[in-house]
């Protein structure tokens, strides 16, 4: 709302200000005259924004309790006695005869022949290998150890005790040669006869026993059972359900709908008008005085120095004041009034 008011105020200001400028331009002569300018006081309308308190009517809804008639359905119980006939099943035992098949065993003597493996012992001849040790003489090479004693000279280092020039005891080494006996070994190889036992295998016959099973036929008598079917009769008891009709009296309760009418209160929102005060932004046009540049009036000698056809181009109402030298010649003064050009 405020934006629209400011836009309208700005448009009014633009419309007001050019009016003063147009009136000043109409009174000015043409550029060929070159008049002087002066400041003139003018009154214009300027927009001014203000806030006012105004009263308005507003529609509001307030709750209101009302009463209305409502019909409801109520169920009422009714009792009555009803006689009914019903069927009852009663169990009853009965007997019947039935035939059935029975398998009866029947024994018979049957003679059968069978074969039996009887074990027996037999003697058999065989050959086996027998190992024997046989002495044999062989030659072997033997190493024999022998040697002798020898006397050898060996140098031995000994220590001799003495005293030095100061009288202190000293131990000086001294080498001496002595004779020692040394054993010198000697190995001699020679051939020797040795008796060795060698194993020799020989074939030797022998006799051994073997168990052998021989078939033997025998006869035996056995009892064999053969099944035989027989038809027999027996009594069987069974139960049967027999229907039986009976009569009874019972009480039946039923619900009957009954319509009732009662008052019911309900709340309704009722609209009503309320006067309220609000703050409104108002734009007012205020008069303001301003200074505007305009053309100053000049004498006729300096106003119109150009030829008549170019000097008086303005309408007759806005033409320069009467001057004898303003327009020459008079008939070409833009059809102005006689007071302007004579």
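The values are calculated or read from the model by the stated rules, or taken from the named source; none is laboratory data. Just so we're clear, the structure is a prediction, and the values are computed from it rather than from any experiment. All Cβ positions, glycine included, derive from the backbone under ideal geometry; neighbour counts span all protein chains shown.
Restricting 169, 135, 105 to those that are modelled with pLDDT under 80 and more than 30 Å from residue 183 (Cα to Cα) reduces the list to 169.
Is it fair to say residue 276 is in contact with a strand residue (DSSP E or B) (Cβ under 6 Å, 6 or more places away or on another chain), closer than 30 Å to residue 54 by Cα, at pLDDT below 90 and surrounded by 10 or more Cβ atoms within 10 Å (Cβ to Cβ)? For residue 276, the condition - in contact with a strand residue (DSSP E or B) (Cβ under 6 Å, 6 or more places away or on another chain), closer than 30 Å to residue 54 by Cα, at pLDDT below 90 and surrounded by 10 or more Cβ atoms within 10 Å (Cβ to Cβ) - is met. Only one of 81, 52 is under 30 Å from residue 289 (Cβ atoms), in contact with a strand residue (DSSP E or B) (Cβ under 6 Å, 6 or more places away or on another chain) and at pLDDT 85 or above. Can you tell me which? Just one listed residue meets the conditions, 52. You will find that of 220, 213, 229, the residue that is at negative phi and surrounded by 10 or more Cβ atoms within 10 Å (Cβ to Cβ) is 213 and no other.
Taking the criterion of being in contact with a strand residue (DSSP E or B) (Cβ under 7 Å, 6 or more places away or on another chain), at pLDDT 90 or above, assigned to a strand (DSSP E or B) and loosely packed, with under 10 Cβ neighbours inside 10 Å, would at least one residue in the stretch 258-268 satisfy it? Yes; the residues of the stretch 258-268 include at least one that is in contact with a strand residue (DSSP E or B) (Cβ under 7 Å, 6 or more places away or on another chain), at pLDDT 90 or above, assigned to a strand (DSSP E or B) and loosely packed, with under 10 Cβ neighbours inside 10 Å.
Of the residues making up the stretch 242-258, just one is over 13 Å from residue 80 (Cα atoms) and within 60 Å of the chain's Cα centre (by Cα), namely 257.
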